[in-house]
Each structure stands twice: as C-alpha cells, then as structure tokens.
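**Q** Structure in structure tokens, see below.
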Amino acid sequence: QAALWRARSPKPRLSDAANRHRLLAEDATRAKDYARAIQEFEAALETDPTWPSGNYNLALLYEAVEDWGEAVRYMRRFLLLEPDSRDAAAAREKIILWEDRARRGGTQ
C-alpha cells in the first residue's frame, strides 16, 4: 500500500472523513488532551492509512505519553510512505532512541 501511494502523482487528498478527524486531533493536541488526539489520529488513519503526516504526528503523540512501541510503529509507517522526507533523518534517530527506551523501560 505504501509503494502504491509513493508511486501516485499527484498524491491523493485526505478524505473528508479523515480530515474531520485531523481537525479534532489537532484541536485535542493543542489542548494537551493526548488521549483524545491519539484516538482521533487513529480514526483518521483507519480511513486514510497512507497519510504520512498522520502517522508522523501520531508517533509524536505516543512519544508524549511514553508509549515507545507505538511511537516506533507509527514512525516506521511514516518512513515507509516518505523515506526521503526532510524529516526522515530525524525520524530514524527518534526510532533508535525510542527502541532504546522501550528496551530499558518497557512499553506501556
């Protein structure tokens, strides 16, 4: 699915349903309601799993709640979609750090 998405030009727009969840997730993130933000980003990704920013932002939210395993999972999904992104090097570094934290302290 990631390879098909990468091959498309232009990239598909976010669906209306996923966009609604995106708006709610971003509002929850600003309010620091991370549980709600995670729920909304996950709902958006159920509809549009190849949305790179959704995977990236969800990884960062899981970092905020110290769920290292889920943070790694979603950052890897982001890298499958955008391996050459300007954020790719930082994403790979975060994965190394999160995997270490998960190994040392476990995941939630």
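The values are calculated or read from the model by the stated rules, or taken from the named source; none is laboratory data. As the structure is a computational prediction, the values presented were derived from the model and not from experiment. Ideal geometry is used to build each Cβ from the backbone, glycine not excepted, and the neighbour counts take in all protein chains shown. When the accessible area is computed, the model is the full protein with side chains, heavy atoms only, and any ligands, DNA or RNA have been set aside. Shrake-Rupley method; radii C 1.70, N 1.55, O 1.52, S 1.80 Å.
**Q** Do any residues in region 85-103 that are without any contact (Cβ under 8 Å) to a residue 60 or more places away in the chain have Cβ atoms under 9 Å from those of residues that are surrounded by 14 or more Cβ atoms within 10 Å (Cβ to Cβ) and among the hydroxyl-bearing types (Ser, Thr, Tyr), where the two are at least six apart or on different chains, and which pairs are they?
**A** 85/56; 87/56; 91/56; 91/85; 98/62; 101/107
**Q** Kindly list the number of the only condition in (1) part of a loop (DSSP other than H, G, I, E, B); (2) β-branched (Val, Ile, Thr); (3) open to solvent by 40 Å² or more (accessible area, probe 1.4 Å) that fails for residue 96.
**A** Here residue 96 clears every test but (1).
**Q** Next question. Would you mind telling me which numbered condition in (1) closer than 20 Å to residue 2 by Cβ; (2) in contact with a Phe, Trp or Tyr (Cβ under 7 Å, 6 or more places away or on another chain) residue 53 fails?
**A** In the conditions (1) closer than 20 Å to residue 2 by Cβ; (2) in contact with a Phe, Trp or Tyr (Cβ under 7 Å, 6 or more places away or on another chain), residue 53 misses (2) alone.
**Q** Restricting the search to region 41-60, which residues are over 10 Å from residue 25 (Cα atoms) and in contact with a helix residue (DSSP H, G or I) (Cβ under 6 Å, 6 or more places away or on another chain)?
**A** Within region 41-60, 45, 47, 48, 50, 52, 55, 56, 59 meet the criteria.
**Q** Next up: Looking at (1) open to solvent by 50 Å² or more (accessible area, probe 1.4 Å); (2) modelled with pLDDT of 95 or more; (3) more than 14 Å from the chain's Cα centre (by Cα), find the lone condition where residue 13 falls short.
**A** (2)
**Q** Can you tell me which residue in region 21-62 is nearest to residue 88 (Cα to Cα), limited to those that are acidic (Asp, Glu) and open to solvent by less than 50 Å² (accessible area, probe 1.4 Å)?
**A** By that ranking, first place goes to 48.
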